[in-house]
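Just so it is clear, none of the values below were taken in a lab; they were calculated from the coordinates. On a predicted model such as this, the values are computed, not experimentally measured, just so you know. Cβ coordinates were reconstructed from backbone atoms using ideal geometry, including for glycine residues, and neighbour counts include every protein chain displayed.
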Amino acid sequence: MFKNLVLTQPLAVIDLETTGLDAKTARIVEISVLKVSPDGTHDHRTRRLNPQVPIPPESTAVHGITDEDVADAPTFASIATSLAEFLVGCDLCGFNLKRYDLRILVAEFRRAGVTFPLAGRAVVDPMEIYHQKEPRHLAAAVRWYLGREHAEAHSAAADVLATVEIFDAMLARYEDLPTTPADLQKQFSGPVAVDSEGFFTRVNGEIRFVRGIHRGQPLAFVARNSPDYLTWMLRQNFATDTATVAESALRLTSAG
């Protein structure tokens with residue numbers, strides 16, 4: 001399926017349709033996962049889910065999924081264990097995955113009480129490549145890289161397939177890009193990145209905040225002087241590795 005990407009472990013390409021744009025509160029109404037193995041075989045699964053909250057009309061206007069469409073669909077909690085098992089050992093990929101889909105997915109796993117570790121996985125987002133090379137949106141990326149219109153935009157299955165084609169076309173077009181998920185993550189996260197969300201960075205061996213009200217400050221300093229901020233972070237839907245950094249800093253401060 002990929003012509004230019006070198007896989008050393010399975011790659012799961014993910015797209016979600018949800019109840020809203022706020023990653024902290026949105027629930028999944030449709031999930032599509034295309035799992036590509038290093039030998040080229042693939043397994044594409046798509047499922048609608050009952051979010052157990054009303055789907056706002058403005059969200060339905062985007063993806064076309066109504067409350068009635070998912071009334072008899074399974075909940076995320078009911079598929080969480082099997083989904084986590086399906087994703088074991090997979091690197092992750094998706095258009096706008098880091099800022100949106102992955103945060104929602106992590107939050108859904110957390111609510112379901114199912115462990116979904118990010119450690120040991122490469123997380124790559126073709127949108128990062130796209131915005132660096134050709135700043136646009138997904139439909140324009142289809143037009144630019146694939147030479148056609150994205151007629152089924154906001155269908156999770158169609159978006160996953162378009163992401164695969166765009167990602168592969170990028171690797172063919174830009175010869176300076178690495179061809180493994182791990183090396184792509186390194187290039188777009190930077191050598192000093194500490195977590196997948198880019199909330200922390202490393203400066204001269206010291207972890208510092210990149211975002212938020214403590215931007216630029218050392219993590220250890222904030223842990224000593226504003227521990228409530230780190231406690232607040234642990235209540236939010238940050239990626240698992242971001243939360244782990246904050247939790248470790250709190251634990252070290254308490255121990256000291």
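Summary table
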| item | result |
| --- | --- |
| Relative contact order (%) - the stretch 51-137, alpha-carbon pairs under 8 angstrom, separation at least six | 30 |
| Estimated inter-spin distance, Ser37 and Thr66, nm [label 7 Å along Cα→Cβ] | 4.1 |
| Part-to-part distance (alpha-carbon centres) for the stretch 42-107 and the stretch 190-256, which is given in Å | 29 |
| Gyration tensor (alpha-carbon) shape descriptor, the stretch 1-114, a/c threshold 1.5 | prolate |
| Cα-based helix-to-principal-axis angle, 102-112 vs the chain, degrees rounded to 10 | 80 |
| Taking the stretch 11-188 and dividing mean pair separation by its residue count, relative contact order in percent (alpha carbons under 8 Å, at least six apart) | 23 |
| Förster radius 22 Å - calculated FRET efficiency between Gln217 and Asp22 (Cβ-Cβ, nearest 0.05) | 0.25 |
| Estimated distance in nm for a label pair at Glu85 and Thr179, the labels positioned 7 Å out from Cα along Cα-to-Cβ | 3.5 |
| Residue of Val29, Val123, Val192 that the Gaussian network model of the chain assigns the largest fluctuation, springs spanning Cα pairs under 10 Å | Val192 |
| Cα shape, the chain, gyration tensor, a/c 1.5 rule | oblate |
| Helix axis angle, 156-173 relative to the chain longest principal axis, alpha carbon, degrees | 80 |
| Contact order normalised by residue count of the stretch 200-255, Cα under 8 Å, 6+ apart, percent | 24 |
| Only Lys, Arg (+1) and Asp, Glu (-1) charged, at Cβ; the chain dipole about Cα centre in debye | 880 |
| Whether the stretch 200-255 is rounded, prolate or oblate, judged on the alpha carbon gyration tensor where a/c under 1.5 counts as rounded | rounded |
| Local electrostatic count, Glu58, Cβ distance below 15 Å [Lys/Arg +1, Asp/Glu -1] | -2 |
| Under 11 Å from the Thr253 label point (7 Å along Cα→beta-carbon), backbone N, the stretch 221-237 | 221-233 |
| His44-Trp144 FRET efficiency (beta carbon distance; Förster radius 35 Å; 0.05 resolution) | 0.90 |
| Value at 222 nm in deg cm²/dmol, rounded to 500, when DSSP H runs of n ≥ 4 in the chain each add -39,500 (n - 2.57) | -11500 deg cm²/dmol |
